[in-house]
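Okay, structure first, notes after.
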Amino acid sequence: MNNWIQLPEKEKVESINRVSIATGLPNAAIEKDWWVTMSLRALFSCECANHIVFKGGTSLSKAWSLIERFSEDIDIAIDRAFFGFEGELKKKQINNLRRASCSYIKNKLKDELDYKLQEAGINGYSLFIQETQDTTKDPLIIEVLFNSIFTPDSYIREKVLIEIGARSLIEPSETIQLRSILADHYSESDFADAYFDVPTVIPQRTFLEKAFLLHEEFQKPTENIRVNRMSRHIYDLERLMDTGFAKEALANSALYNAIVDHRRMLTSMKEVDYSTHTPDKINFVPPASIVDMWEKDYETMKSNMIYGDSIPFDKLIERIRELNDRFRNIKQ
């Protein structure tokens, strides 16, 4: 494969400029998507490839084409069976799992990822593990810092964050073929990257997990509720809510309960009351105390990350209220 990275800089800039005009995406987003794609390709050629799945918001856009939001970072779940942990785990076993995952990512996977990128002829980057003294840190983040050919963008960072954890569900998932946005528009060019297989979490699960994430976030004291880049979750939910995937998710009580149980057992937070995740109690509508800050965050995201149509914030909140009502009407 002839890599785009090996082209003369002028040709790289010209290729991205053309795709930017065609897609409406900023140059920096197209460049970063290439790095996201190469990072995914390298990850799914590592030793753990048969034990990891692609998940989160980036999977909704890159794998499923369900949202028109540039999603810049990568969420990966690694099967705990890869570390020899199966079935229900007690607290000590969960801590041991976290320690095993943390050690593997820091001491093996990072170096293997680096090797796979170099093996593919990719250069102009450096890899770092986000600093932590906690030997049980899970998930852990690998940073791929790349040398951009463009002037630094204030919103789109010149690094790919790969968040990898061993406490997420692996199933249900499906295998999706991926390639870069550049390759989509230059499919006949020598530098176009080929499709590759990526086991990816199904949208039904991501939809429910985003609703639960927000429900949990809004149980925190107001001063602890996150704002920066968080409005992406309500944008994603609104885009998904009328799809068949969302309707299937709301009709699948087994999946709903399995996700809640998993969050309670393996990723629980002290401030969260998991008994309130039930359809009759769930509430993922942004509270009045933070809604103005989330509106500002949404406007920033619209300017920098959304390349398709987007609705006004007040309409978005109306739609999220409507979706919350749909959850409340689930019969269990």
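The values are calculated or read from the model by the stated rules, or taken from the named source; none is laboratory data. Remember, it's a predicted structure, so these values are computed and weren't measured experimentally. In this analysis, Cβ positions are derived from the backbone assuming ideal geometry, glycine residues included, and neighbour counts consider all displayed protein chains.
Observations, loosely collected:
- Scanning segment 193-249 for residues that are of a type in the set (V, I, T) and without any contact (Cβ under 8 Å) to a residue 12 or more places away in the chain returns no hits.
- Which listed residue is crowded, with 17+ Cβ neighbours inside 10 Å, in contact with a His (Cβ under 8 Å, 6 or more places away or on another chain) and assigned by TED's automatic domain parsing to the domain that holds R41, from L214, L169, L140, L178: L169
- Which numbered condition Y235 misses (of (1) out of contact with any helix residue (DSSP H, G or I) (no Cβ under 6 Å at 6 or more places or on another chain); (2) farther than 30 Å from A100 by Cα; (3) surrounded by fewer than 21 Cβ atoms within 10 Å (Cβ to Cβ)): (3)
- Annotation: G56 fulfils all but one of (1) over 28 Å from T151 (Cβ atoms); (2) more than 25 Å from the chain's Cα centre (by Cα); the unmet one is (2).
- Cβ-Cβ distances below 6 Å connect the following pairs, each with a first residue in segment 305-320 that is under 27 Å from S154 (Cα atoms), a second residue that is surrounded by 19 or more Cβ atoms within 10 Å (Cβ to Cβ) and hydrophobic (A, V, I, L, M, F, W, C), and a separation of six or more residues or different chains: M305/F70; Y307/L25.
- Any chance M305 is in contact with a strand residue (DSSP E or B) (Cβ under 8 Å, 6 or more places away or on another chain) and either of a type in the set (V, I, T) or surrounded by 13 or more Cβ atoms within 10 Å (Cβ to Cβ) (or both): yes
- Condition met for D297 (exposed (fewer than 15 other Cβ atoms within 10 Å of the Cβ) and of a type in the set (D, E, K, R)): no
- Qualifying residue in segment 273-281 (condition: within 15 Å of T206 (Cα to Cα), in contact with an Asp or Glu (Cβ under 9 Å, 6 or more places away or on another chain), touching a residue at least 60 places away in the same chain (Cβ under 8 Å) and not small (G, A, S)): no
- Here L161 meets the list (1) crowded, with 18+ Cβ neighbours inside 10 Å; (2) under 15 Å from the mean Cα position of the chain (by Cα) almost entirely, failing just condition (1).
- Among the residues listed as A183, A194, the single one being within 29 Å of I21 (Cα to Cα) and assigned to a loop (DSSP other than H, G, I, E, B): A194
- Failed item, numbered, when S65 is tested on (1) surrounded by fewer than 17 Cβ atoms within 10 Å (Cβ to Cβ); (2) touching a Ser or Thr at 6+ places or on another chain (Cβ under 6 Å); (3) closer than 30 Å to E238 by Cβ: (2)
- The residue list A22, A42 contains one member that is part of a helix (DSSP H, G or I) and at pLDDT below 95, which is A22.
- Residue within segment 19-28 that is small (G, A, S), surrounded by 21 or more Cβ atoms within 10 Å (Cβ to Cβ) and either closer than 22 Å to I176 by Cα or within 17 Å of the chain's Cα centre (by Cα) (or both) present: no
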